[in-house]
Amino acid sequence: MTEFAVSEEKNRWLKAKMEELGVSEQQIEERFVHASGRGGQHVNKSSSCVYLKHLPTGVEVKCMESRSQSLNRFLARRLLLEKIAGAGGGLTKKELAAEKLKRQKARRKRRSGAKYGTASATETLPEPVEGE
């Protein structure tokens, strides 16, 4: 496996995660394209954006978070592994964080409604039905 411009620990983690999910480098198609956004002349002249496709599942990711191609290669593989793990039925870290924010927002809305007596506090609780 290729070493990326990250710590040894992160390289070992990536290798272990790939083995755990049964993903090998031969199953990944990798291309480099011009990135967009901030980075100035460097971004416009170099192909630092990394595009990965996992051939057996068809999962695709594109990473242009950094100006460094090597760092983007690591980040793209990490994102690809998260998507593959998520496709297996589990939730990804992003989805878990989004769920947590939804619950927090709903709780705040209920508390605010109860405090100020708005309709939002009564909307969340179903009315009991007589005869049941």
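Derivation of every value follows stated rules applied to the coordinates shown; laboratory data play no part. Since this is a predicted model, take the numbers as computed values, not measurements. Every residue, glycine among them, receives a Cβ derived from its backbone with ideal geometry; neighbour counts consider all protein chains shown.
Values computed for the structure shown
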item: Amide H contacts under 5 Å for Cys49, placed H, 5+ residues apart; result: Val33, Ala35
item: Fewest-first sequence of Arg103, Arg67, Arg73 by Cβ atoms within 10 Å of each Cβ; result: Arg103, Arg67, Arg73
item: In order through region 25-31: 3J(HN,Hα) via Karplus (6.51 cos²θ - 1.76 cosθ + 1.60), integer Hz, x for Gly, Pro; result: 4, 5, 7, 10, 9, 10, 9
item: Ranking of Leu71, Leu80, Leu55 by count of other Cβ atoms within 10 Å, fewest first; result: Leu55, Leu71, Leu80
item: Per-pair calculated FRET efficiency, R0 = 22 Å: Arg12 and Arg67 via Cβ, rounded to 0.05; result: 0.30
